[in-house]
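Worksheet: one structure, shown below.
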Amino acid sequence: MPKYKLVCFDVDGTLIDNVRFSWQVFHDYFQTDKHRREDAKNNFLKGKISYLQWAEHDINMWREKGAKKQDFLKALESLSLMDGAMETLQELKKNGLKLAIISGSLNVLLEKFIPDYNDIFDDVFLSKIYFDKEGNIEKIEATEYDMKKKAKALKLIAKREKIKLKECVFIGDYLNDIKILKIAGLGIAFNCKEDKVKKAADVVIEKKDLREVLGYILK
Ligand SMILES: [Mg+2]
(Lines give C-alpha, C1' and ligand atoms only; values in the text may rest on other atoms or scores of the structure.)
Protein backbone atom coordinates (compact mmCIF):
# COMPACT_ATOMS: atom_id res chain seq x y z
CA MET A 1 0.00 0.00 0.00
CA PRO A 2 1.35 3.45 -0.84
CA LYS A 3 2.05 5.62 2.19
CA TYR A 4 -0.02 8.47 0.75
CA LYS A 5 -3.61 8.27 -0.42
CA LEU A 6 -4.40 11.78 -1.68
CA VAL A 7 -2.33 14.24 -3.68
CA CYS A 8 -3.51 17.85 -3.95
CA PHE A 9 -2.20 20.35 -6.44
CA ASP A 10 -2.04 24.10 -6.64
CA VAL A 11 -2.63 25.45 -10.18
CA ASP A 12 -0.86 28.77 -10.85
CA GLY A 13 2.88 28.09 -10.97
CA THR A 14 2.43 24.40 -10.13
CA LEU A 15 0.30 22.60 -12.74
CA ILE A 16 0.51 25.60 -15.05
CA ASP A 17 3.78 27.32 -15.91
CA ASN A 18 4.64 30.98 -16.61
CA VAL A 19 2.10 32.35 -14.17
CA ARG A 20 2.08 33.41 -10.55
CA PHE A 21 -1.52 34.70 -10.34
CA SER A 22 -3.91 33.90 -13.13
CA TRP A 23 -6.20 36.70 -11.91
CA GLN A 24 -3.43 39.19 -12.63
CA VAL A 25 -3.04 37.77 -16.15
CA PHE A 26 -6.68 38.60 -16.87
CA HIS A 27 -6.55 42.00 -15.22
CA ASP A 28 -3.57 42.89 -17.40
CA TYR A 29 -5.26 41.56 -20.51
CA PHE A 30 -8.57 43.37 -19.89
CA GLN A 31 -6.79 46.47 -18.56
CA THR A 32 -8.99 46.87 -15.53
CA ASP A 33 -8.75 49.89 -13.25
CA LYS A 34 -5.81 49.38 -10.92
CA HIS A 35 -7.21 51.58 -8.14
CA ARG A 36 -10.54 49.83 -7.95
CA ARG A 37 -8.69 46.54 -7.86
CA GLU A 38 -6.39 47.71 -5.08
CA ASP A 39 -9.35 49.02 -3.07
CA ALA A 40 -11.10 45.66 -3.27
CA LYS A 41 -7.92 43.82 -2.32
CA ASN A 42 -7.33 46.09 0.66
CA ASN A 43 -10.93 45.73 1.76
CA PHE A 44 -10.43 41.97 1.74
CA LEU A 45 -7.14 42.17 3.63
CA LYS A 46 -8.75 44.43 6.24
CA GLY A 47 -11.61 41.98 6.63
CA LYS A 48 -14.22 44.39 5.28
CA ILE A 49 -15.31 42.02 2.52
CA SER A 50 -15.09 38.23 2.18
CA TYR A 51 -12.87 36.44 -0.30
CA LEU A 52 -16.01 35.61 -2.26
CA GLN A 53 -17.02 39.26 -2.49
CA TRP A 54 -13.51 40.18 -3.56
CA ALA A 55 -13.51 37.54 -6.30
CA GLU A 56 -16.95 38.55 -7.52
CA HIS A 57 -15.89 42.19 -7.56
CA ASP A 58 -12.89 41.42 -9.77
CA ILE A 59 -14.78 39.12 -12.12
CA ASN A 60 -17.42 41.83 -12.52
CA MET A 61 -14.67 44.19 -13.67
CA TRP A 62 -14.01 41.80 -16.54
CA ARG A 63 -17.70 41.54 -17.25
CA GLU A 64 -17.88 45.34 -17.49
CA LYS A 65 -15.14 45.18 -20.13
CA GLY A 66 -17.32 42.82 -22.18
CA ALA A 67 -14.84 39.97 -21.71
CA LYS A 68 -15.75 36.91 -23.74
CA LYS A 69 -14.59 33.34 -23.43
CA GLN A 70 -12.30 33.63 -26.45
CA ASP A 71 -10.63 36.66 -24.82
CA PHE A 72 -9.90 34.65 -21.69
CA LEU A 73 -8.33 31.91 -23.78
CA LYS A 74 -6.30 34.46 -25.73
CA ALA A 75 -5.03 36.00 -22.48
CA LEU A 76 -3.54 32.61 -21.62
CA GLU A 77 -1.39 32.30 -24.72
CA SER A 78 1.89 32.87 -22.89
CA LEU A 79 1.12 30.20 -20.29
CA SER A 80 1.78 26.48 -20.66
CA LEU A 81 1.24 23.17 -18.96
CA MET A 82 4.04 22.39 -16.50
CA ASP A 83 6.60 19.91 -17.79
CA GLY A 84 5.72 16.38 -16.76
CA ALA A 85 2.26 17.33 -15.46
CA MET A 86 0.20 14.78 -17.40
CA GLU A 87 2.68 11.94 -16.83
CA THR A 88 2.68 12.71 -13.11
CA LEU A 89 -1.11 12.72 -12.84
CA GLN A 90 -1.38 9.47 -14.79
CA GLU A 91 1.28 7.74 -12.69
CA LEU A 92 -0.37 8.77 -9.42
CA LYS A 93 -3.76 7.60 -10.64
CA LYS A 94 -2.27 4.31 -11.81
CA ASN A 95 -1.03 3.77 -8.27
CA GLY A 96 -4.53 4.25 -6.91
CA LEU A 97 -4.05 7.67 -5.32
CA LYS A 98 -6.85 10.19 -5.21
CA LEU A 99 -6.15 13.53 -6.88
CA ALA A 100 -7.43 16.99 -6.05
CA ILE A 101 -7.04 20.60 -7.04
CA ILE A 102 -7.03 23.18 -4.26
CA SER A 103 -6.45 26.52 -5.88
CA GLY A 104 -7.56 30.10 -6.06
CA SER A 105 -7.13 29.94 -9.84
CA LEU A 106 -9.87 29.88 -12.47
CA ASN A 107 -11.48 27.01 -14.38
CA VAL A 108 -10.58 28.69 -17.69
CA LEU A 109 -6.91 27.74 -17.24
CA LEU A 110 -7.67 24.09 -16.67
CA GLU A 111 -10.15 23.96 -19.54
CA LYS A 112 -7.41 25.19 -21.83
CA PHE A 113 -4.49 23.11 -20.57
CA ILE A 114 -6.11 20.01 -18.98
CA PRO A 115 -9.51 19.79 -20.75
CA ASP A 116 -10.48 16.53 -19.04
CA TYR A 117 -9.58 17.76 -15.57
CA ASN A 118 -12.98 16.85 -14.14
CA ASP A 119 -12.30 13.19 -15.01
CA ILE A 120 -8.71 13.23 -13.75
CA PHE A 121 -9.30 14.92 -10.40
CA ASP A 122 -11.59 13.49 -7.73
CA ASP A 123 -12.05 16.89 -6.13
CA VAL A 124 -11.72 20.36 -7.64
CA PHE A 125 -11.65 23.49 -5.52
CA LEU A 126 -11.23 26.59 -7.68
CA SER A 127 -13.17 29.57 -8.96
CA LYS A 128 -15.43 28.99 -11.92
CA ILE A 129 -16.67 31.25 -14.68
CA TYR A 130 -19.51 29.98 -16.84
CA PHE A 131 -20.12 31.40 -20.30
CA ASP A 132 -23.26 31.47 -22.42
CA LYS A 133 -23.41 30.32 -26.06
CA GLU A 134 -22.14 33.68 -27.28
CA GLY A 135 -19.16 33.46 -24.91
CA ASN A 136 -20.37 36.13 -22.48
CA ILE A 137 -19.91 35.64 -18.74
CA GLU A 138 -23.13 34.07 -17.56
CA LYS A 139 -22.40 33.07 -14.01
CA ILE A 140 -19.53 32.98 -11.57
CA GLU A 141 -18.85 30.65 -8.71
CA ALA A 142 -15.92 31.86 -6.67
CA THR A 143 -14.11 29.50 -4.33
CA GLU A 144 -13.58 30.57 -0.78
CA TYR A 145 -10.78 28.05 -0.32
CA ASP A 146 -7.83 30.22 -1.23
CA MET A 147 -5.12 31.64 1.03
CA LYS A 148 -5.26 30.19 4.54
CA LYS A 149 -8.53 28.43 3.72
CA LYS A 150 -6.74 26.08 1.32
CA ALA A 151 -5.93 24.09 4.45
CA LYS A 152 -9.64 23.94 5.24
CA ALA A 153 -10.37 22.39 1.82
CA LEU A 154 -7.78 19.69 2.47
CA LYS A 155 -9.35 18.94 5.85
CA LEU A 156 -12.79 18.70 4.21
CA ILE A 157 -11.64 16.14 1.64
CA ALA A 158 -9.65 14.13 4.18
CA LYS A 159 -12.58 13.95 6.57
CA ARG A 160 -15.06 12.95 3.89
CA GLU A 161 -12.76 10.29 2.43
CA LYS A 162 -11.63 9.10 5.87
CA ILE A 163 -8.00 9.78 5.05
CA LYS A 164 -5.58 11.02 7.70
CA LEU A 165 -3.84 14.35 7.06
CA LYS A 166 -0.51 12.54 7.31
CA GLU A 167 -1.59 10.47 4.29
CA CYS A 168 -2.12 13.63 2.22
CA VAL A 169 0.32 15.39 -0.07
CA PHE A 170 0.15 19.01 -1.19
CA ILE A 171 2.25 20.52 -3.99
CA GLY A 172 2.44 24.28 -4.36
CA ASP A 173 4.67 27.24 -5.08
CA TYR A 174 3.56 30.39 -3.30
CA LEU A 175 2.75 32.19 -0.03
CA ASN A 176 -0.94 31.24 -0.12
CA ASP A 177 0.23 27.62 0.14
CA ILE A 178 2.12 27.92 3.43
CA LYS A 179 -0.62 26.77 5.76
CA ILE A 180 -1.71 23.82 3.64
CA LEU A 181 1.91 22.75 3.09
CA LYS A 182 2.33 22.61 6.85
CA ILE A 183 -0.73 20.51 7.62
CA ALA A 184 -0.27 17.99 4.78
CA GLY A 185 1.68 14.85 5.69
CA LEU A 186 4.00 15.64 2.80
CA GLY A 187 4.31 19.27 1.73
CA ILE A 188 6.22 19.80 -1.50
CA ALA A 189 7.42 23.22 -2.60
CA PHE A 190 7.71 23.17 -6.37
CA ASN A 191 8.83 25.93 -8.79
CA CYS A 192 9.13 28.03 -5.65
CA LYS A 193 10.98 31.30 -5.23
CA GLU A 194 9.81 32.13 -1.71
CA ASP A 195 12.02 31.14 1.23
CA LYS A 196 9.05 31.19 3.61
CA VAL A 197 7.27 28.63 1.46
CA LYS A 198 10.35 26.46 1.15
CA LYS A 199 10.70 26.51 4.93
CA ALA A 200 7.08 25.40 5.40
CA ALA A 201 7.56 22.42 3.04
CA ASP A 202 8.99 18.98 3.81
CA VAL A 203 10.57 18.73 0.38
CA VAL A 204 11.79 21.43 -2.00
CA ILE A 205 12.06 20.53 -5.68
CA GLU A 206 14.30 22.77 -7.72
CA LYS A 207 14.07 21.03 -11.09
CA LYS A 208 11.07 22.34 -13.02
CA ASP A 209 9.55 18.99 -13.94
CA LEU A 210 6.56 17.70 -12.00
CA ARG A 211 7.72 14.09 -12.38
CA GLU A 212 10.30 14.92 -9.70
CA VAL A 213 7.55 14.61 -7.06
CA LEU A 214 6.85 10.95 -7.88
CA GLY A 215 9.94 9.64 -6.10
CA TYR A 216 8.84 11.22 -2.83
CA ILE A 217 5.18 10.25 -3.06
CA LEU A 218 5.44 6.68 -4.33
CA LYS A 219 8.57 5.50 -2.49
MG1 LIG B 1 0.52 28.98 -7.07
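The values are calculated or read from the model by the stated rules, or taken from the named source; none is laboratory data. Everything quoted here is computed from the prediction, not taken from an experiment. With ideal geometry, Cβ positions are generated from the backbone for all residues, glycine too; neighbour counts draw on all protein chains shown. Heavy atoms of the whole protein, side chains included, go into the accessibility calculation; ligands, DNA and RNA do not. Shrake-Rupley method; radii C 1.70, N 1.55, O 1.52, S 1.80 Å.
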**Message:** Considering only protein heavy atoms and a probe of 1.4 Å, how much of the accessible area of the chain is carbon and sulfur, as a whole percent?
**Reply:** 47
**Request:** Add +1 for every Lys or Arg and -1 for every Asp or Glu among the other residues with Cβ under 12 Å from the Cβ of residue 185, and state the total.
**Result:** +3
**Asked** aspartates and glutamates near residue 193 by alpha-carbon distance under 12 Å, same-chain residues fewer than 8 away left out - which ones?
**Response** 173, 206
**Message:** I'd like to know which of 172, 44, 183 lies farthest towards the positive end of the charge dipole of the chain, counting +1 on Cβ of Lys and Arg and -1 on Cβ of Asp and Glu.
**Reply:** 183
**Solvent exposure of the chain as accessible area per residue, Å², 1.4 Å probe** = 50
**Request:** Taking the Cα centre of the chain as origin, sum charge times position over the Cβ atoms of Lys and Arg (+1) and Asp and Glu (-1), and report the length of that vector in debye to the nearest 20.
**Result:** 1020
**Message:** On a 18 Å Cα-Cα criterion, which of the cross-link pairs 150/207; 93/207; 98/159 come out too long?
**Reply:** 150/207; 93/207
**Request:** Quick one: dipole size for region 57-177, taken about the Cα centre, charges +1 on Lys/Arg Cβ and -1 on Asp/Glu Cβ, in debye to the nearest 20.
**Result:** 580
**Asked** Which aspartates and glutamates does residue 5 reach when only Cα atoms under 14 Å apart count, and residues fewer than 8 places away in its own chain are ignored?
**Response** 91, 122, 123, 161, 167
**Pairs of Cα atoms farther than 22 Å apart, region 1-96, %** = 47
**Item:** Cross-link partners of residue 68 among lysines (Cα-Cα below 19 Å; sequence separation of 8 or more within a chain)
**Value:** 112, 128, 133, 139
**Item:** For region 29-42, 3J(HN,Hα) per residue [Karplus equation, 6.51 cos²θ - 1.76 cosθ + 1.60, θ = phi - 60°, Hz, x = Gly/Pro]
**Value:** 5, 8, 6, 6, 5, 5, 5, 4, 5, 4, 4, 5, 4, 5
**Projected area averaged over orientations for the chain, convex hull of C-alpha atoms, nm²** = 11.8
**Prompt:** residue 81's amide H: which non-local residues (gap 5+, or another chain) put their own amide H closer than 5 Å, with H modeled 1.01 Å from N in plane and none for Pro or chain starts?
**Reply:** 17
**Request:** For residue 206, tell me the accessible area in Å² from a 1.4 Å probe, rounded to the nearest 10.
**Result:** 130
